[in-house]
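> Before I ask anything, here is the structure I am working with.
The values are calculated or read from the model by the stated rules, or taken from the named source; none is laboratory data. Because the structure is a prediction, the values reported are computed rather than measured. No Cβ is skipped: glycine too gets one built from the backbone with ideal geometry, and neighbour counts run over all protein chains shown. Quick note on the areas: whole protein, heavy atoms, side chains included, nothing else; ligands and nucleic acids left out. Shrake-Rupley method; radii C 1.70, N 1.55, O 1.52, S 1.80 Å.
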Amino acid sequence: MELLLRLFHELNWLIQVGLFCYFLLLNASYFRMLWSAAKQMKKRHRLLNLRSAMGRFYQEDIPVTLIAPAYNEEAVIVDSVRSMLALNYPEYEVIVVCDGPKDGTLDRLKESFDLVPFSTMCRQRIETQPVEVVFLSKMDARLKVVLKKNGGKADALNVGINFSRYPLFCAVDTDSLIEPDALYKLAQPFISDHSTVAAGGTIRLTNGSEFENGRLKRQGIPDNWPALFQMVEYLRAFIIGRQGLDEYNAMLIISGAFGMFNKEIVVEAGGYRAKSLGEDMELIVRLHRFMQEAGRPYRITQVPEAVCWTEAPESMKMLKSQRIRWHRGLHESLMLNRSLFINDTMFARQKAPVTLSMYFFLFFEFVAPLIETFGYVYLLCAIFFGWIDWGVFSAMLILAVTVSLFVTAGAIFLDERYTGGYATNLRGLGKIMLAAVLEPFTFRLASLVWRVTALWRIATNKQTNWDAITRKGFNRAQSSSTSSSA
């Protein structure tokens, strides 16, 4: 009996050490990415004006095709398309791909842009669902609307690629609004570095802000708590996470709401994967694999100053559906490109960062829900059996909250300093920091349940549906706690 108790005591010690090491590695990674993000954004800020001036002087702008898949988006489609047609960029076209919508999306487009039927002929470089009809706008020759049989977002993007005329394409969501100069900023990496194959912008939330005729009228912080928690998430993800990995060319995801690509490279890689649950991440990871296997130099980068606004779901039901789909999409991307985990030259300068990034997403994103759940179960058992040292527990809790606040504060500072941020006043800043304090005990616990649900569905091979997110539209006075003129 004494031997059994001693063994159990040793196992208890090993569990504590293991959880502490996991916590230490995770937060060390966050601090390293914060440091890298600060260096990258400072460097980009110095070069931005020079690159913009040189690009305009030499007229080196590359024509771009904006591809906007649309399903049931009648509440936002007109404002979104208007914002696309009002961008400050010398030569571009807009292709809206209506993926068999069941609402009035197409009718709204016809009414607002005076659409007329046109030829459906195109060079079909990527196999897609059939195209039913193509429309051109009599009001603006740059706008083309394609109606196709429903096949999902990835299939709609592939249709847009087939119909595109230009060497670069920009994938955007029709529930998003692009800032007037964002397209030009997003194109800069392709102009200055011809090895660039993809570039992503920063996504900001419209929740709490006001828009008029597709343009930002007043920035603000949402009163809705799920939206506020997501605002904190997005700040950390885009300013710290992606910008931190950008230094090493190790980003594994560009948001499907706003990303620019070299069309020829994407076509060579096979386009978007049809029926994918996470088509945006899967394409980026596959581009890493494709370029590495071909032995070609490449760059996948983040452009924080290129800003796109999108509406975040405000109900827990819609958030649950979104997060389960995201986690399954993460699994899909990692497994389909698992050759990146191990290769015979994994320590090569170009390949090693991507390999390490794959392991980061595997252990600190995909497997994290299991480790977190185990930690909570162990904590309850420790309390019940009296194993817990409350002094150590309190110190760890304070450290965890402090780290979260420090990383969030760092993201806010870099965002405000280099990209304009949400232009928050002191009250708004306080509310964001309060959300950062409450997040581990509220929103993160809910997210943990959703991600564990996703893992269960993966294990049982249960299908995940793509539930539509209800949109409120842009031209509305959204409640906000603080705001300032844009």
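Conditions tested, residue by residue: (1) without any contact (Cβ under 8 Å) to a residue 24 or more places away in the chain; (2) over 22 Å from the mean Cα position of the chain (by Cα).
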{"residue": "PHE385", "(1), (2)": "yes, yes"}
{"residue": "ASP389", "(1), (2)": "yes, yes"}
{"residue": "ALA395", "(1), (2)": "yes, yes"}
{"residue": "SER404", "(1), (2)": "no, no"}
{"residue": "ASP415", "(1), (2)": "no, no"}
{"residue": "GLY420", "(1), (2)": "no, no"}
{"residue": "LEU445", "(1), (2)": "yes, no"}
{"residue": "ALA454", "(1), (2)": "no, no"}
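> Are any of the residues in segment 339-362 in contact (Cβ under 8 Å) with a residue 60 or more places away in the chain, touching a Leu at 6+ places or on another chain (Cβ under 9 Å) and open to solvent by 50 Å² or more (accessible area, probe 1.4 Å)?
So far as segment 339-362 goes, no, none of its residues is in contact (Cβ under 8 Å) with a residue 60 or more places away in the chain, touching a Leu at 6+ places or on another chain (Cβ under 9 Å) and open to solvent by 50 Å² or more (accessible area, probe 1.4 Å).
> For ILE191, work out the one condition from (1) out of contact with any helix residue (DSSP H, G or I) (no Cβ under 6 Å at 6 or more places or on another chain); (2) of a type in the set (A, V, I, L, M); (3) open to solvent by 10 Å² or more (accessible area, probe 1.4 Å) it doesn't fulfil.
With respect to (1) out of contact with any helix residue (DSSP H, G or I) (no Cβ under 6 Å at 6 or more places or on another chain); (2) of a type in the set (A, V, I, L, M); (3) open to solvent by 10 Å² or more (accessible area, probe 1.4 Å), ILE191 is out only on (1).
> Every residue in segment 220-251 that is of a type in the set (S, T, N, Q) and more than 14 Å from the chain's Cα centre (by Cα), please.
Within segment 220-251, ASN224, ASN249 meet the criteria.
> Please tell me if ILE412 is modelled with pLDDT under 90 and part of a helix (DSSP H, G or I).
Answer is yes for this residue.
> Does VAL94 fit the bill of being modelled with pLDDT of 85 or more, touching a Phe, Trp or Tyr at 6+ places or on another chain (Cβ under 8 Å) and within 21 Å of PHE135 (Cβ to Cβ)?
Taking the combined requirement at face value, the residue does not satisfy it.
This table checks each residue for (1) crowded, with 21+ Cβ neighbours inside 10 Å; (2) aliphatic (A, V, I, L, M); (3) part of a helix (DSSP H, G or I).
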{"residue": "GLU264", "(1), (2), (3)": "no, no, yes"}
{"residue": "GLY270", "(1), (2), (3)": "no, no, no"}
{"residue": "GLU293", "(1), (2), (3)": "no, no, yes"}
{"residue": "ILE300", "(1), (2), (3)": "yes, yes, no"}
{"residue": "GLU332", "(1), (2), (3)": "no, no, yes"}
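> When the residues of segment 117-173 are filtered to those that are in a strand (DSSP E or B) and farther than 16 Å from GLU93 by Cα, which remaining residue is most open to solvent (accessible area, probe 1.4 Å)?
Looking at the filtered set, the residue picked out is GLU132.
> Go through segment 196-217 and count every residue that is part of a strand (DSSP E or B) and farther than 14 Å from LEU177 by Cα.
Within segment 196-217, residues that are part of a strand (DSSP E or B) and farther than 14 Å from LEU177 by Cα number 5.
> Looking at (1) touching a helix residue (DSSP H, G or I) at 6+ places or on another chain (Cβ under 6 Å); (2) in a helix (DSSP H, G or I); (3) not acidic (Asp, Glu), which one does ALA227 not meet, given that it meets all the others?
(1)
> Can you say whether MET281 is open to solvent by less than 10 Å² (accessible area, probe 1.4 Å) and under 17 Å from the mean Cα position of the chain (by Cα), as far as the supplied structure shows?
no
> Based on what the data block shows, is PHE258 crowded, with 23+ Cβ neighbours inside 10 Å and either at negative phi or not small (Gly, Ala, Ser) (or both)?
yes
> Under 30 Å from GLN292 (Cα atoms) and basic (Lys, Arg), is that true of ARG417?
Judged against the criteria, ARG417 is not a match.
> Run ALA312 past the list (1) small (Gly, Ala, Ser); (2) under 15 Å from the mean Cα position of the chain (by Cα); (3) surrounded by fewer than 21 Cβ atoms within 10 Å (Cβ to Cβ) and report the number of the one that doesn't hold.
Tallying (1) small (Gly, Ala, Ser); (2) under 15 Å from the mean Cα position of the chain (by Cα); (3) surrounded by fewer than 21 Cβ atoms within 10 Å (Cβ to Cβ), ALA312 fails exactly one: (3).
> Suppose we filter LEU445, LEU429 for residues that are under 30 Å from THR373 (Cβ atoms) and open to solvent by 50 Å² or more (accessible area, probe 1.4 Å); which single one remains?
Answer to the check: LEU445.
> Could you grab me the full set of residues in segment 231-255 that are open to solvent by less than 10 Å² (accessible area, probe 1.4 Å), part of a helix (DSSP H, G or I), under 20 Å from VAL354 (Cβ atoms) and aliphatic (A, V, I, L, M)?
Correct list: ILE240 only.
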